[in-house]
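Comments concern the structure below.
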């Protein structure tokens, strides 16, 4: 009897222990952590190089800083490629998380530290951190991340774009971000890329060919018809024919050794919060203020009415205010020049104009402090550089569409190339947001999670979403199976 | 009264550290072995919980029975679209129960029960994918129930007990999906409420329909735990926002829903008893989790919209010999959580439970009880669709897989 009891106890113990082991670790039917289903397909990620501009570099919050670089879309891709034969991915890391550049110990003007949200109410402010990254401290490569902020299409093949001496010429012929890590002073970005004999690449270039014109409020020149980029100013709009020649030349060089790659097209400015955040009718007024403002513009309106202009332009230029939200008064150099009559080329903005993000800090303030008649956007018109007008935006869109046609044609001509439609994805982000499963990013400035505080570049989370979407493209074009990243685990904006 | 407070404080302390599942069906070792049935059983003083109507029918004049559980629950999350995955830290929880019953006469009995039917311990990795909904939660409640049993007739008996409930909760979540300080540390809030007291009751009826068949019905009332002026503390809040997110107090209500049980027990043979219970838990009283902060921090409203849910339980006991009784059971527990309301603080889809138990009658007065439970939750793809951030509804989706197992030990002493 005792033996039997003992036996029973053993059986019970074994049954219980088996139950525990089974219970300890429940397993999903398709565990997301299972690597065996991943594959590179027909792609070879052993030497991956990303060539491009700030969007490739991981630029965010107005600068390059290490956290942004570590979360650049190519760095995220490389981290996922590692599971399917991807090699090391080296980046020209900045010295700190502050961003900003020094040249031989002195702050380089125009290259400030990063923006953070600060104050009450929260507003973008330069971080209190001090830049310590010195351009003269040249890094030893090669570097897989060949993203250089500010680079336009024709800069990629430009010899000397990374030459320290070129920073001091007027105009400068070098880019401080490339100076930091160029393989040799006179190497071009393409040369430094080809030296690495990439087996796989991403190319995202051409953004600055339109964006530098757009962010300057269209103060540059539309170079349509001028195919010689050497004659362009910094804020000019690149000619589509020039772009096409440069672009296909770069792709031919990159694919010469049989490398496969993803070409990324160019988002429209209408998807970017830098252009869409400040409303055209940003001026609130009560009835009394509106009446006073109307009185102040009565002489101007009378002058316009009597200047012999076509009725449409008279209507366009007549300035009126009413109780409620009122359209900003802006300069528009495309209007008929009436300066001879003492009448400025001004009108009120419409929903088709894009008021640039930086002007939000001056709208409503007094141009001449203490003089309420000089309020920016009312008594004092916003200047040309504050607004991308409807006509200027149309030029940007036309150029961008032409560039995107080139990119699509080049991609379609070679089966080794995939096309990632960034323009469509950013349009989706702007119109409805992107739900990544554990959250949503939108283009709402500062709080939407998609765009960093410079209003032009994504947050780390935005770059993670981009990387996931590029992986979709790589899977469908090259038969790969890749693991995605969780955008929710990446940062958005930082608050001080 | 002081002693009662000390006891409850001790219970709270132990269950705060270790508890499992919002409704934890571990209220008796003997019931546990039979699939947690018991509304129509007259086996032990566990009836104080399962059906006070049975207490007057117990065999022994004075009986103490108590049990200790070692419960381990694990939940996993993954999202195939984002590659995110996480697993809860499954510590060992130790829900306790103690019952004492004393018969004054053949028609009257009194007793006292202390048990912990509601609790939860879910600890996800800090800053995991769903950290804006919950990082971790510890919920505990202790019910103290003095009880009277009364035999109305040869076939019908009744029982009633008011319950004093003492509960506590500790809850931490991140303030949003993205709020970080300059160094990237995620801002979060911890809510702590302790020794929140409330009242309820437990009432039951047992009918001995035939020599072999008992039918029971039991109702345990809803208990509203109303936390008032409890502590809310904020961590990693950026300096610019510390004016708004300053440490404060909060008010919140938590409902411990009512439960109706009907069931029967049938003696198949002199040695074998079959039990069948159906619980209906009135979860629809849990509409939302609303946290009102005393300062300017916006009120946090989290819709739950639970639905009433049934649990069907089967149990069998077999008196193998005068010393050993063996038990087995099975149950199907339907989730109260509707699709789209699946919040990771309670990762509980439909589940099935398998239980085993045994009692060893060591002496005429002392018996030792053992039980084992394996609770298997179905793998579920679900989401919580009611989190709003920056005026944008931000769903949290994924696949969940959970399980739990429990070892129970107890003893019964009669005199």
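Test of understanding: among A:68, A:86, which residue is modelled with pLDDT of 95 or more, in contact with a strand residue (DSSP E or B) (Cβ under 9 Å, 6 or more places away or on another chain), buried (at least 17 other Cβ atoms within 10 Å of the Cβ) and outside any helix (DSSP H, G or I)? Give the steps one after another, and end with the answer.
Numbers: A:68 fails: outside any helix (DSSP H, G or I).
Step by step, each of A:68, A:86 is checked, and only A:86 is modelled with pLDDT of 95 or more, in contact with a strand residue (DSSP E or B) (Cβ under 9 Å, 6 or more places away or on another chain), buried (at least 17 other Cβ atoms within 10 Å of the Cβ) and outside any helix (DSSP H, G or I).
Of everything in segment B:350-364 that is more than 12 Å from chain A (Cβ to nearest Cβ) and within 23 Å of the chain's Cα centre (by Cα), the residue that is farthest from residue B:321 (Cα to Cα) is B:350. If only residues of segment A:368-379 that are surrounded by fewer than 17 Cβ atoms within 10 Å (Cβ to Cβ) and touching a strand residue (DSSP E or B) at 6+ places or on another chain (Cβ under 9 Å) are counted, the one that is nearest to residue A:294 (Cα to Cα) is A:373. In the set (1) in contact with a strand residue (DSSP E or B) (Cβ under 7 Å, 6 or more places away or on another chain); (2) more than 7 Å from chain A (Cβ to nearest Cβ), residue B:397 fails one condition alone, (2). Residues that are surrounded by fewer than 20 Cβ atoms within 10 Å (Cβ to Cβ) and assigned to a strand (DSSP E or B) were ranked within segment B:182-197; the one that is nearest to the other protein chains (Cβ to nearest Cβ) is B:190.
Take the residues of segment A:450-496 that are part of a strand (DSSP E or B) and at the interface with chain B (Cβ under 7 Å from one of its Cβ atoms): which is farthest from the chain's Cα centre (by Cα)? Quick ask: steps written out before the conclusion?
Going through segment A:450-496, the residues part of a strand (DSSP E or B) turn out to be A:451, A:458, A:481, A:494-495.
If we keep only those that are at the interface with chain B (Cβ under 7 Å from one of its Cβ atoms) as well, we get A:494-495.
Working: A:494: 17, A:495: 20 Å.
It comes out as A:495.
When segment A:83-122 is limited to residues that are more than 25 Å from residue A:163 (Cα to Cα) and free of Cβ contacts under 8 Å to residues at least 24 places away in the same chain, the one that is farthest from the other protein chains (Cβ to nearest Cβ) turns out to be A:121. Summed over segment B:94-125, residues that are free of Cβ contacts under 8 Å to residues at least 60 places away in the same chain and closer than 18 Å to residue B:74 by Cα total 2.
Scanning segment B:79-100 turns up no residue that is within 11 Å of chain A (Cβ to nearest Cβ), within 16 Å of the chain's Cα centre (by Cα) and either more than 30 Å from residue A:32 (Cα to Cα) or not in a strand (DSSP E or B) (or both).
Do we have residue B:165 as more than 14 Å from residue A:495 (Cα to Cα), within 25 Å of the chain's Cα centre (by Cα), at pLDDT below 95 and more than 14 Å from chain A (Cβ to nearest Cβ) here? Outline the logic, then answer.
Working: more than 14 Å from residue A:495 (Cα to Cα): yes; within 25 Å of the chain's Cα centre (by Cα): yes; at pLDDT below 95: no; more than 14 Å from chain A (Cβ to nearest Cβ): yes.
No, not satisfied.
Here is a yes/no grid of residues against (1) under 30 Å from residue B:64 (Cβ atoms); (2) in contact with a strand residue (DSSP E or B) (Cβ under 6 Å, 6 or more places away or on another chain); (3) within 12 Å of chain A (Cβ to nearest Cβ):
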residue	(1), (2), (3)
B:330	yes, yes, no
B:371	yes, yes, yes
B:383	no, yes, yes
B:389	no, no, yes
B:402	no, yes, yes
B:407	yes, yes, yes
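Of the listed requirements (1) within 14 Å of chain B (Cβ to nearest Cβ); (2) surrounded by fewer than 20 Cβ atoms within 10 Å (Cβ to Cβ); (3) more than 22 Å from the chain's Cα centre (by Cα), residue A:42 misses just one: (1).
Looking only at residues in segment B:222-239 that are outside any strand (DSSP E or B) and either touching a residue at least 60 places away in the same chain (Cβ under 8 Å) or surrounded by fewer than 18 Cβ atoms within 10 Å (Cβ to Cβ) (or both), the one that is nearest to the other protein chains (Cβ to nearest Cβ) is B:239. Residues that are closer than 25 Å to residue A:81 by Cα and in contact with a strand residue (DSSP E or B) (Cβ under 6 Å, 6 or more places away or on another chain) were ranked within segment A:17-36; the one that is modelled with the highest pLDDT is A:28.
Counting the residues of segment A:213-244 that are within 16 Å of residue A:401 (Cα to Cα) and in a helix (DSSP H, G or I) gives 7.
Give the residues of segment A:96-113 that are over 23 Å from residue A:172 (Cα atoms) and touching a helix residue (DSSP H, G or I) at 6+ places or on another chain (Cβ under 8 Å), sorted by residue number. A:96, A:97, listed by residue number. Evaluating residue B:399 against the criteria (1) at pLDDT 95 or above; (2) farther than 30 Å from residue A:442 by Cα leaves one unmet condition, (2). Which residue is surrounded by the fewest Cβ atoms within 10 Å (Cβ to Cβ), if the candidates are limited to segment A:422-440 and must be more than 9 Å from chain B (Cβ to nearest Cβ) and in contact with a strand residue (DSSP E or B) (Cβ under 6 Å, 6 or more places away or on another chain)? Selected residue: A:434. If you scan segment A:249-280, which residues turn out to be under 17 Å from residue A:447 (Cβ atoms) and outside any helix (DSSP H, G or I)? A:272, A:277, A:278, A:279, listed by residue number.
Looking at this structure, is residue A:414 away from chain B (no Cβ under 14 Å) and over 30 Å from residue A:346 (Cα atoms)? I'd like the intermediate steps shown before the answer.
Values: away from chain B (no Cβ under 14 Å): yes; over 30 Å from residue A:346 (Cα atoms): yes.
The answer is yes for residue A:414.
The values are calculated or read from the model by the stated rules, or taken from the named source; none is laboratory data. Note that the structure is a prediction, hence the values are computed from the model and not measured. Using ideal geometry, Cβ is built from the backbone for each residue, glycine included, and neighbour counts are taken over all protein chains shown.
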